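Read the structure below first, then the notes.
Every number in this text was worked out from the coordinates using simple rules, so none of it is lab data. Bear in mind that the values here come from a model prediction, so they are computed numbers and not experimental data. Virtual Cβ from ideal backbone geometry, glycine too; neighbours counted across all protein chains shown.
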Amino acid sequence: MTEQTGAAVNTLARQLVKDLVPYASARSSMSGGAVWLNANENALAPAYQLDGTFNRYPSCQPKAVINAYAAYAGVAPEQVLVSRGADEGIELLIRSFCEPNSDSITICPPTYGMYAISAQSNQTAINKVLLLNSEKLDLDGIFATSPKLVFICSPNNPTGDLIPRDQIVAVLEHFKGKALVVVDEAYIEFAPEASVVPLLSRYSHLVILRTLSKAFGLAGLRCGFTLASPEVINALKKMIAPYPIAEPVAQIAAQALSVPGIAQMQQSVTTINALRSDFIKLAGSLPGVQRVWPSNANYVLLQVADAADCVSALINADILIRNQSSQLGLTQVVRVSIGSADEMQRLATALQQYFLTYQQTKREHA
Ligand SMILES: Cc1ncc(COP(=O)(O)O)c(C=O)c1O
């Protein structure tokens, strides 16, 4: 394409597209380095096998996967939608329930970035009601909004906090007949007792997002789930692509959701939760770390004096962590995903070294 035709194509794009700042995923912004602790993936990755041929179009909603996830989550198959990651669930919800240029969603920053990006790409306004002390919902603030969808992330990314169940119930009660309440449980396997699945039978406007990307160690698979009343699921099915789940994805998802697959996932959760406790202890003892959030997921948020400096010092040690300081309601914070024991050891050494040097430099300049 010549430079001129490229420019012409750019002018043809919708204004919305010209204005959109795409989501800077951990993988798109940085993928060098040897130790990846910046995308909340699971380093203890299981290996899977594929078999068969792939000449036929796949099922839109493969029964083996739907039935296995329904059994795992404790819901009926009619309450489950499988999609290309939980991200597609977010997008489908917004496209199915929000009229462009008139409806809005409510989100509670600091939180996962894709709710806002998907809303913007559907020309949907965003009400931002900050978490209180970055851990509890501001109920009065949320009740002052009139959205079609309320997004609550629990455990919340990037803080790791669980949103108290009585607050979620209060939001559900308030928005009965007015809006859907979407609880994003992408990390729920790290704190399974906190799931709000038991509330699904009481509230037909409750929607729960799940994924195989985190505890199941399958971020590369792109497979997520929406749990909701059959009415919500049927609305989403009208909007989903005809073949969203590739046959290899369906085969691997079914293996991950088998009895041994789930046992393997639970074992890796036990290991990660223990590594997380060790890391929280270590982080609390580092002189340059001002706050350590109490995590219920596979990552920990740390308040430091200079987040950008900390991230780049770790890059020099071949370790990627994520600067979350641009999040509304947070300043100078880094998010560290929990990796393998070996990776956490390397991280501990690099952080100790960094803060030692940082303290020395500070003393020299004092
Ligand atoms: C809170 C939250 N929800 C949803 C997702 C997206 O998950 P998936 O990989 O299934 O699209 C992520 C990914 O990081 C996340 O942190």
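Points to keep in mind about this one:
- Charge-dipole axis of the stretch 63-258 as Lys and Arg at +1 and Asp and Glu at -1 on Cβ define it, positive-most pick from LEU212, VAL249, ILE126: VAL249
- For the stretch 74-162, projected area of the alpha-carbon convex hull averaged over all directions, nm²: 6.5
- Sequence-ordered 3J(HN,Hα) estimates for the stretch 40-47 from the Karplus curve with 6.51, -1.76 and 1.60 and θ = phi - 60° stand at 6, 7, 9, 6, 8, 6, x, 9 Hz, glycine and proline given as x.
- For the stretch 219-366, a Kirkwood hydrodynamic radius built from all Cα pairs, placed in the Stokes-Einstein relation at 10 °C and 1.306 mPa s, yields a translational diffusion coefficient of 87 µm²/s.
- Across the options LEU328, CYS223, GLN49, the greatest Cα extent toward the positive end of the charge dipole of the chain (unit charges at beta carbon of Lys, Arg, Asp, Glu) belongs to CYS223.
- Approximate spin-label separation LEU328-THR357, in nm, with each point projected 7 Å along Cα-to-Cβ: 3.6
- Compactness relative to 2.2 N^0.38 Å, alpha carbon Rg of the chain: 1.03
- The aspartates and glutamates whose alpha-carbon is closer than 15 Å to the alpha-carbon of LYS362, local same-chain residues fewer than 8 away aside, are ASP306, ASP309.
- Nearest-0.05 FRET efficiency for ASP318 and SER258, computed from C-beta distance (R0 45 Å): 0.80
- Over 26 Å (Cα to Cα) - which of LYS178/LYS237; LYS136/LYS178; LYS63/LYS176; LYS148/LYS214; LYS176/LYS237 fall in this group: LYS63/LYS176; LYS148/LYS214
- Charge dipole (debye, nearest 20) of the chain; +1 at Cβ of Lys and Arg, -1 at Cβ of Asp and Glu: 260
- For the pair GLN123 and LEU199 in one chain, pulling the backbone fully straight at 0.36 nm per residue adds 24.3 nm over the alpha carbon distance.
- Computed from Cα atoms alone, the Kirkwood hydrodynamic radius reported for the stretch 63-258 is 16.6 Å.
- Each peptide in 96-106, 282-292, 333-343 receives the mean, over its residues, of other Cβ atoms within 10 Å, and ordering these scores from highest gives 333-343, 96-106, 282-292.
- Over the residues of the chain, the helix contribution to mean residue ellipticity at 222 nm works out to -12500 deg cm²/dmol, using -39500 (n - 2.57) for each DSSP H run of at least 4.
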